[in-house]
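Chemist: I'd like to ask some things about the structure below.
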Amino acid sequence: MIEAVGEEPVFTSAIALGERRFGLEACVDPAVRAQHAAYLRHVESRPNLDVTAHTAAAFGVLAATVKLSGRSPRACYNDLWIAAQAIEHGYSLLTLNPRDFAGLPGVRILTPDPRGTEPRRPKKVKHE
């Protein structure tokens, strides 16, 4: 997926690193665990973004937006933290799961093209 952005810099969220580490540590299948470990090493080799007070402020806005829309933000806390980091730094968020970030103010989403070419912006989602 990272290769889909070409020469653009790609940063990894410290939150995403924690999610990947959890997947590795919780995996009991040796072959799958080896795959997780290799991917984690690849992701850890990228520059990463730490959580700051500015990230926390953006997270608060995003979590409140989710709650005010009638949904619980608890199920998507990690996604909200990752989105907050992207907002803080003015970056687009590269994801395979654009629906996880739909409707969040200030978040610019990029998804890899399924043909393996340029990343694309997801279709607009109608919110009712």
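The values are calculated or read from the model by the stated rules, or taken from the named source; none is laboratory data. Just so it is clear, the model here is predicted, and its values are computed rather than measured. Here the Cβ is made from the backbone with ideal geometry for all residues, glycine too, and neighbour counts use every protein chain on show.
Chemist: Inspect the stretch 17-38 for any residue being under 21 Å from residue 99 (Cα atoms), in a loop (DSSP other than H, G, I, E, B) and not aromatic (Phe, Trp, Tyr) and give the result as yes or no.
Modeler: No; the residues of the stretch 17-38 include none that is under 21 Å from residue 99 (Cα atoms), in a loop (DSSP other than H, G, I, E, B) and not aromatic (Phe, Trp, Tyr).
Chemist: If you don't mind, there's one more thing I want to ask. Checking the conditions here, which among 90, 60, 70 is free of Cβ contacts under 8 Å to residues at least 12 places away in the same chain and either among the polar types (S, T, N, Q) or under 18 Å from residue 10 (Cβ atoms) (or both)? Show your work before the answer.
Modeler: Details: 60 fails: either among the polar types (S, T, N, Q) or under 18 Å from residue 10 (Cβ atoms) (or both); 70 fails: either among the polar types (S, T, N, Q) or under 18 Å from residue 10 (Cβ atoms) (or both).
From the options 90, 60, 70, the qualifying one is 90.
Chemist: If residue 45 satisfies every condition in (1) polar (S, T, N, Q); (2) surrounded by fewer than 16 Cβ atoms within 10 Å (Cβ to Cβ); (3) at pLDDT 95 or above but one, which is the exception?
Modeler: Unmet for residue 45, out of (1) polar (S, T, N, Q); (2) surrounded by fewer than 16 Cβ atoms within 10 Å (Cβ to Cβ); (3) at pLDDT 95 or above: (3).
Chemist: For the stretch 45-57, which residues satisfy the criterion of being of a type in the set (Ser, Thr, Tyr) and either more than 15 Å from the chain's Cα centre (by Cα) or part of a loop (DSSP other than H, G, I, E, B) (or both)? Can you show your working first?
Modeler: So the first thing to find is which residues in the stretch 45-57 are of a type in the set (Ser, Thr, Tyr), and the list is 45, 52, 55.
Residues satisfying the conditions are 45, 52.
Chemist: Could you look through the stretch 18-42, keep only residues that are surrounded by 12 or more Cβ atoms within 10 Å (Cβ to Cβ) and among the charged types (D, E, K, R), and pick out the one that is nearest to residue 82 (Cα to Cα)?
Modeler: 19
Chemist: Could we say that residue 86 is of a type outside the set (S, T, N, Q) and under 23 Å from residue 111 (Cα atoms) here? Working first, answer last.
Modeler: Values: of a type outside the set (S, T, N, Q): yes; under 23 Å from residue 111 (Cα atoms): yes.
So residue 86 fits the description; yes.
Chemist: Counting only residues that are charged (D, E, K, R) and in a helix (DSSP H, G or I), which one in the stretch 58-108 is surrounded by the most Cβ atoms within 10 Å (Cβ to Cβ)?
Modeler: That would be 79.
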